[in-house]
Amino acid sequence: MRNKDILLVILFVVLVLGIAFGPGLLDWWQARQAGDIETRPEPATVDVTDDTSRRTLSPDEQAEAERVSGMLRLHKACTERFEGFEAEAQPVVEAWEERFGELLAATPEQDFRIVLSQPEGLDEAAVEKARAEERAMCERNLDAMRTELAKADEASGETSGETSGETSGETSR
C-alpha cells in the first residue's frame, strides 16, 4: 500500500467514527459546558421597595382594595376631563381617602391610570352625546362613592349608638 492509500483509509475510519460517535460526543460536550454555567452562582438581588409597611391582604380585602382604588382612579380621570368637577367632589374624595386610607395604603401603587380622551371623528351631536355620557358616568361614580360613605357613616353611627346605650344602661343599674 502506498502512503496515499493509507491516508485515505485513516480519513475514512475517522469519518465513520465521527458519524457514529459525533452526536453523542457533541451532546456530552454541550452538557459539560452547560454544567459549568449552571454551577456558577447567580448574583443576589434584593427588591428595595417599601413593602415592609404593607400588610398582606386576604382575597376579599384585595378585591375590595381593587374596587376602592378603581373608583378613585376613575374619579381622578373625571377631574382631568371635566373642569369644575374636582371642586364639586373634593369633600367626597377626602372622606373616601380617609375612610379607606388603610386599605389603599396596603395595596401596591397601580402602574396604570384611566384616561378619558376626547372623542374624534364624530359629528358635533355625537361628540356632545359622548361628553354627556362620560359626565353622567362620572356623576354615577361620585354618587356611588357618596352612597357608600353614607352607609358607612350610618353603620358606624348605629354601632356607636348601641355602645353608648349599653353604657348608659349599665350605669343606671
Which lysines does Lys129 reach when only Cα atoms under 28 Å apart count, and residues fewer than 8 places away in its own chain are ignored? Lys76
Just grab the label-to-label distance for Glu61 and Arg73, each label 7 Å out from Cα along the Cβ direction, in nm (one decimal). 2.1 nm
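Rule-based calculations on the coordinates, nothing more; no lab input. Because the structure is a prediction, the values reported are computed rather than measured. All Cβ positions, glycine included, derive from the backbone under ideal geometry; neighbour counts span all protein chains shown.
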